[in-house]
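K.L.:
My questions all concern the structure below.
The values are calculated or read from the model by the stated rules, or taken from the named source; none is laboratory data. Every value quoted in this text rests on a predicted model; they were computed, and no experiment measured them. Counting neighbours? That spans all protein chains shown, and the Cβs are built from the backbone with ideal geometry, glycine included. Each accessible area value is taken on the protein alone, full model and side chains, heavy atoms only, with ligands, DNA and RNA left out. Shrake-Rupley method; radii C 1.70, N 1.55, O 1.52, S 1.80 Å.
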Amino acid sequence: MTGRAYEIDLERVANEAAIYARTVELSADGNDVWVFDVDETLLSNLPYYAEHGYGLEVFDEMEFAKWVEKATAPAIGSSLKLYEVVQSLGFKTFLLTGRSENQRSVTVENLINAGFQNWDKLILRGSNDHGKQATVYKSEKRSEMVKEGYRIVGNSGDQWSDLLGSEMSLRSFKLPNPMYYIP
């Protein structure tokens, strides 16, 4: 996680995604969407995990919530570049995170401070979404996007649960995350 290999892997995924994004012929209706996960996709929680054994410790939801409240997670540089490319090409950008709705303001603050600007939607877990497996929750939110008339052309995430399930994108890009797995 702290060596160059992790960074190279992140760059490789972002570069492949950017190459794909440049080949997409966007529809004139403006409903072509690129979905991004937030944690370990746009923002790096590596500083938190460095203090907690890089995923070896049992996950402590309260401790992680304290970290999120600090709003200091840095951008994953290669993902920020991809985000900027996707936006410059005219894709709508939807951020779909497992974070709770009560973390909206600190999430917005952290994203902006890390360099992410002008997203079209930020979707967080509402009270009805708690307790759902990530694959179910994210599938339901993608289904809502499609029902609203959007086409999910690209999707970037660090967990298979970000990418699989119903209403998958035309192309998905899986970032590495050896620290944890979310079903």
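K.L.:
Would you mind stating whether VAL13 is touching a strand residue (DSSP E or B) at 6+ places or on another chain (Cβ under 9 Å), of a type in the set (A, V, I, L, M, F, W, C) and open to solvent by 20 Å² or more (accessible area, probe 1.4 Å)?
P.N.:
yes
K.L.:
Look at SER172 and say whether it is within 16 Å of the chain's Cα centre (by Cα), within 15 Å of ILE123 (Cβ to Cβ) and without any contact (Cβ under 8 Å) to a residue 40 or more places away in the chain.
P.N.:
no
K.L.:
Could you tell me which numbered condition ILE19 fails, if it satisfies all but one of (1) open to solvent by 80 Å² or more (accessible area, probe 1.4 Å); (2) in a helix (DSSP H, G or I); (3) touching a residue at least 12 places away in the same chain (Cβ under 8 Å)?
P.N.:
Every condition holds for ILE19 apart from (3).
K.L.:
Further question: Quick check: is even one residue across region 58-73 open to solvent by 40 Å² or more (accessible area, probe 1.4 Å), among the aliphatic types (A, V, I, L, M), assigned to a helix (DSSP H, G or I) and without any contact (Cβ under 8 Å) to a residue 24 or more places away in the chain?
P.N.:
For region 58-73, residues open to solvent by 40 Å² or more (accessible area, probe 1.4 Å), among the aliphatic types (A, V, I, L, M), assigned to a helix (DSSP H, G or I) and without any contact (Cβ under 8 Å) to a residue 24 or more places away in the chain: present.
K.L.:
Among the residues of region 43-57, which ones are hydroxyl-bearing (Ser, Thr, Tyr) and not in a helix (DSSP H, G or I)?
P.N.:
The one that is hydroxyl-bearing (Ser, Thr, Tyr) and not in a helix (DSSP H, G or I): SER44.
K.L.:
Kindly indicate whether ASP39 is charged (D, E, K, R), within 24 Å of LYS174 (Cβ to Cβ) and surrounded by 18 or more Cβ atoms within 10 Å (Cβ to Cβ). Before the answer, list the steps.
P.N.:
Numbers: charged (D, E, K, R): yes; within 24 Å of LYS174 (Cβ to Cβ): yes; surrounded by 18 or more Cβ atoms within 10 Å (Cβ to Cβ): yes.
So ASP39 fits the description; yes.
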